[in-house]
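In what follows, a single structure is set out as structure tokens and then discussed.
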Amino acid sequence: MAAYVVFIKDETLDKDELATYAEKAGQARGDHPITPLAFYGALETLEGPQAEGVVVLQFPDAEAAKGWYYSPAYQEAKAHRLKGAKYRVLLVNGVE
């Protein structure tokens, strides 16, 4: 069943670190089966705290999502994301 990784950017801390993250995260895609469904497009908060941006990535299943997220290349990129902004990151399974 498809799985989705959802990034919610709550607050930017350092734009330079985010630029480095963007470059390294793109390189970390590698051969992982990622389908971007939303990528920092216009958003409207209907409930809860405001968000600066949202990314939704689709994977064939949760194991593929975890394989990408925990890969050495993405973990290197993630270090810059953590310095660059406050995010919430969720892994959610789709429905059959």
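Bridging of LYS9 to lysines at a Cα separation below 19 Å is possible for LYS24, LYS78, LYS83, LYS86, once same-chain residues fewer than 8 apart are set aside.
In this simple spin-label model, placing a label point 7 Å from the Cα along the Cα-to-Cβ direction at both PHE39 and GLU23 gives a separation of 1.8 nm. Computed 3J(HN,Hα) for the stretch 75-85, one whole-Hz value per residue from the Karplus formula 6.51 cos²θ - 1.76 cosθ + 1.60 where θ = phi - 60°, is 4, 5, 5, 4, 4, 6, 4, 5, 7, x, 6, glycine and proline marked x. Amide H contacts of GLY53: LYS9, each under 5 Å away and 5 or more positions distant or on a separate chain (H built 1.01 Å from N in the peptide plane; Pro and chain starts excluded).
Mean separation of Cα pairs under 8 Å and 6 or more residues apart, divided by the residue count, gives the chain a relative contact order of 56 percent. Given the -39500 (n - 2.57) contribution per DSSP H run of 4+ residues, what per-residue ellipticity at 222 nm results for the chain, rounded to the nearest 500 deg cm²/dmol? Taking each H run of at least 4 residues, the total per residue is -11000 deg cm²/dmol. Proximity of backbone amide H atoms, modeled 1.01 Å from N, is registered between ALA38 and VAL56 at under 5 Å, excluding neighbours fewer than 5 places apart on the same chain. Normalised by 2.2 N^0.38 Å, where N is the number of residues, the C-alpha radius of gyration of the chain stands at 1.07. Segment GLU11..LYS66, full-extension length gain: 17.4 nm, with 0.36 nm per residue of separation and the alpha-carbon distance subtracted.
Every number here is computed from the coordinates shown, using simple stated rules; none is lab data. Everything numeric here is computed off the predicted structure, so don't read it as measured data. Heads up, the Cβs are rebuilt from the backbone with ideal geometry, glycines too, and the neighbour counts pull from every protein chain shown.
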